[in-house]
Amino acid sequence: MNTLLKFNWQGLIKAAFPLRTLSLFPKLQLKEIQEVQEGKSLIIKGVNVPSGREPFLLETENELCPICSSGLEVKHTDVLIISQFVRSDGCMLPRRVTGLCRRQQKRMSILVAMAQKAGLMPNLTPATSKKDPKKRFGWKRYNKYFDESTIKIR
Amino acid sequence: MAALKRVQQWATFARVWHIFDASWQNPFESAQVLKKYLMGLYKPIYHPMNECGDHVIVINSADIALPGDEWVKRVYFHHTGYPGGASWTLAWDLHKKDPTLVLKKAVYNSMDGNLQRRYTMERLHIFPDSKVPGALMKNVSNQIRQIRPMPKRLDEYTEKEVKEFPKIIDLPKDYILR
């Protein structure tokens, strides 16, 4: 009987009022994670950095997505454009980050894959990559190109 | 014969030497271009019975490019003549064995099979890299234009060029750089 009466009050309070962190500073800023080794201690800190893209940003005139409004026909050899949609390890950025429409996001992800297969972005690869396309396995080391008209998007 | 006419005669029948850089070029598209120079099809004096073809030096044949996955889709067939002597070699395998062979076969197959074909092929000089013997190189007087532009890799641009290229999107404020 005694055990039945023991009620988990603390659990109820936690469920009713979940712990909220309160911050007085704007959390939402572009951050870079830096690891600094000082003696024996490793300090990992998020540093607010400017993206560096603001002065070179294209102006959009309408409400379409950035690529649709610019009217660009991006090819897989335009690595200076494609690399803007890629993380430093070669991963495609998600749509909530790129802000593209559904079609252009799909098309851009295919273009990224094409450029990577053609070995045009060897510096944007995972850390385990050999970087040099000539060192790839088997037939993948030979030069190849792609036809953008083969991209089929509904 | 007047001196001018004599020079014109020499210029008409002299063999011209062309050079072609095959890096990032489709060998089958370039074969259609090279064959015109090898057979002399572009000359007004061309006739099938008139041997007026030129020499073509092809450099960087190891750097040819094929579209998509054609390196593993294109197959070269050979038969020794004995039973069970058939063999199929993928294009990349052939290219690994001899980096001039894919282009050579492409040019050979682009021409009609007649008695002239073997002699026309002798005027084609293919080199896997850009090292050409000086005795051949001193004859060259024309460069054949490449069909497709050579792509530039991202690491070949300077850091400033990459940074100052017009940007289409900006990263959102809550994005953590990786």
Quiz item: Among B:VAL132, B:VAL102, which is the only one that is touching a strand residue (DSSP E or B) at 6+ places or on another chain (Cβ under 9 Å), more than 14 Å from chain A (Cβ to nearest Cβ) and open to solvent by less than 60 Å² (accessible area, probe 1.4 Å)?
Solution: B:VAL132
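Go through the range A:98-135 and count every residue that is assigned to a helix (DSSP H, G or I) and out of contact with any Phe, Trp or Tyr (no Cβ under 6 Å at 6 or more places or on another chain). Before you say what the answer is, go through the steps one by one.
Let us first name the residues in the range A:98-135 that are assigned to a helix (DSSP H, G or I), namely A:98, A:102-117, A:133-135.
When the remaining residues are screened for being out of contact with any Phe, Trp or Tyr (no Cβ under 6 Å at 6 or more places or on another chain), the result is A:102-107, A:109-113, A:115-117, A:133-135.
Looking only at that region, the number is 17.
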Quiz prompt | Odd one out for B:HIS125, checked against (1) outside any helix (DSSP H, G or I); (2) more than 14 Å from chain A (Cβ to nearest Cβ); (3) modelled with pLDDT of 95 or more; (4) open to solvent by 50 Å² or more (accessible area, probe 1.4 Å) | solution = (4)
Exercise. List the number of the failed condition for B:GLY53; all other conditions in (1) in a loop (DSSP other than H, G, I, E, B); (2) away from every other protein chain (no Cβ under 14 Å); (3) touching a residue at least 12 places away in the same chain (Cβ under 8 Å); (4) open to solvent by 50 Å² or more (accessible area, probe 1.4 Å) hold.
Key: (4)
Quiz prompt | Residue tally, condition within 17 Å of the chain's Cα centre (by Cα) and closer than 24 Å to B:HIS125 by Cβ, over the range B:56-76 | solution = 11
Self-check item: Residue list for the range B:141-154, filter: under 14 Å from A:ASN123 (Cβ atoms) and either open to solvent by less than 70 Å² (accessible area, probe 1.4 Å) or in contact with an Asp or Glu (Cβ under 9 Å, 6 or more places away or on another chain) (or both)
Solution: B:ARG153, B:LEU154
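Scan the range B:150-178 for residues that are in a helix (DSSP H, G or I), facing another protein chain (nearest Cβ under 7 Å) and out of contact with any helix residue (DSSP H, G or I) (no Cβ under 9 Å at 6 or more places or on another chain) and jot them down. Explain how you work it out, then say what you get.
Of the range B:150-178, the ones in a helix (DSSP H, G or I) are B:154-156, B:159-164.
Subset that is facing another protein chain (nearest Cβ under 7 Å): B:154-155, B:162-164.
Correct list: B:ASP155 only.
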Quiz item: Which number in (1) modelled with pLDDT under 95; (2) touching a Gly at 6+ places or on another chain (Cβ under 6 Å); (3) open to solvent by 50 Å² or more (accessible area, probe 1.4 Å) marks the one condition that B:HIS79 misses?
Solution: (1)
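The values are calculated or read from the model by the stated rules, or taken from the named source; none is laboratory data. No experiment lies behind these values; they were computed from the predicted model shown. Note: ideal-geometry Cβ built from the backbone for every residue, glycine included; neighbour counts use all protein chains shown. With ligands, DNA and RNA removed, areas are computed over all heavy atoms of the protein, side chains included. Shrake-Rupley method; radii C 1.70, N 1.55, O 1.52, S 1.80 Å.
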